[in-house]
Amino acid sequence: MSEVSLVYPADDRAVITIERPATLNSLDVATLRALREVAGEVAERSTTKVVVLRGRGRAFSSGVDLSLLDGGAGVDPRLVPELGRTMVETLDSIPAVTVAVLRGAVVGGGLVLAAACDLRVAAEDTYFSIPEVDLGLPVGWGGVPRMVREIGPALTKELIMTCRPFTAREARDAGFVNRVVPAQDLDATVDELVSTLCAKPRYALLAVKQSVAEAAEEMLAGRGRTGEADMLAEAARDAGGRRAAADYMARYRRARGSE
């Protein structure tokens, strides 16, 4: 499973790493499946207190691999929303505290992946964006209710509608990120946080996680399996959306050609 690695540094912790640094850890079909599989494996362990989720290299995740949208991967694009949704829900259901380690790009589906974690620690050079509207697409994988839960409806609408990038400090000030630290201190900060959490009783940690989840349940209720699928189908038929996607992909191909 080369796209994703899973290690257990100790009996009470696990580390999941996205292993696609050459593409800034973009999420293709194999990676989505691998993430879902390892998250399911971790969920079966009764001793794990903390799960760390990170990306190899200089980015957390640049989101869905755009080759899936460019028609060059030979994959039915309708497969991606379902895979992404089930992957995020499997991660969300792990009975342990999940900590996202953020650096570099946290974009689109990568941001939804981070939002599914309980805690988020970011390097100062982390940048976030949600480019789906520029692609003529709705935000999937339950991303909208998760963002509303974390940062509120007004800012969620602004960031998704404008597609503007935002910084780690803005993410922290909005309540999306717990801590922002210099890049060279990121690993040490996460290690300290994980050690602090692992020193706590597992039952108490999970009770807090469950209580907070229940408090947010009304906001996440009906997060739109059918609604998201319907919106995606409608977006595929929208002429303006198709033009926006074509313009975005043309810019993407030009940028790749200039690398």
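Determine the shape class of region 122-210: with a ≥ b ≥ c the square roots of the Cα gyration tensor eigenvalues, call it rounded for a/c under 1.5, and otherwise prolate if a/b is greater than b/c, oblate otherwise.
Numbers: a/c = 2.76, a/b = 1.54, b/c = 1.79.
Verdict is oblate for region 122-210.
Considering only protein heavy atoms, what is the solvent-accessible area of S93 at a probe of 1.4 Å, reported in Å² to the nearest 10?
Probe radius 1.4 Å; accessible area of S93 about 80 Å².
Choose one of T23, V42, G142: the residue whose Cα lies farthest towards the positive end of the charge dipole of region 1-142 (beta-carbon charges +1 Lys, Arg; -1 Asp, Glu; about the Cα centre).
V42
Does region 121-165 classify as rounded, prolate or oblate by the C-alpha gyration tensor (a ≥ b ≥ c root eigenvalues; a/c under 1.5 gives rounded; else a/b over b/c gives prolate, otherwise oblate)?
Details: a/c = 1.70, a/b = 1.22, b/c = 1.39.
Taking the square roots of the gyration eigenvalues as a ≥ b ≥ c, region 121-165 is oblate.
For region 1-137, report the accessible area per residue in Å² (1.4 Å probe, heavy atoms, rounded to an integer). Kindly include the intermediate steps, with their values, before the conclusion.
Details: 4870 Å² over 137 residues.
So region 1-137 comes to 36 Å² accessible per residue, rounded to a whole number.
Counting only protein chains, not ligands or nucleic acids, how are V139, V208 ordered by accessible area (probe 1.4 Å), most first?
Numbers: V139 20, V208 90 Å².
In descending accessible area the options line up as V208, V139.
Give me Rg over Rh for region 165-207, both radii from the alpha carbons and Rh done the Kirkwood way, two decimal places.
Numbers: Rg = 13.3 Å, Rh = 12.1 Å.
Rg/Rh: 1.10.
Accessible area per residue, 1.4 Å probe, Å², for region 144-212: what's the number?
55
With only Lys, Arg, Asp and Glu charged, each at its Cβ (+1 for the first two, -1 for the last two), find how big the charge dipole of region 1-129 is about the Cα centre; round to the nearest 20 debye.
On the way: 13 positive and 17 negative charges, 47 e Å.
It comes to approximately 220 debye.
I'd like to know which of L32, M87, A168 lies farthest towards the positive end of the charge dipole of region 25-181, counting +1 on Cβ of Lys and Arg and -1 on Cβ of Asp and Glu.
A168
Accessible area of region 77-227 with a 1.4 Å probe: how many percent of it is carbon plus sulfur?
Numbers: 3760 of 6640 Å².
Heavy-atom surface of region 77-227 belonging to carbon and sulfur, 1.4 Å probe: 57 percent.
Quick check: with the 1.4 Å probe, what order do I160, I94 take by accessible area, largest first?
Values: I160 25, I94 5 Å².
So the residues, ranked largest to smallest area, are I160, I94.
Can you tell me which lysines have their Cα less than 18 Å from the Cα of K209? Leave out same-chain residues fewer than eight positions away.
Counting by Cα, and skipping residues close in sequence, K209 has these lysines nearby: K49, K200.
The values are calculated or read from the model by the stated rules, or taken from the named source; none is laboratory data. What you see is a predicted model, and the numbers here were worked out from it, not measured in a lab. When we count neighbours, we look across all protein chains shown, and the Cβ atoms used for this are built from the backbone with ideal geometry, even at glycine. Protein only, heavy atoms only, side chains kept; ligands, DNA and RNA dropped before computing areas. Shrake-Rupley method; radii C 1.70, N 1.55, O 1.52, S 1.80 Å.
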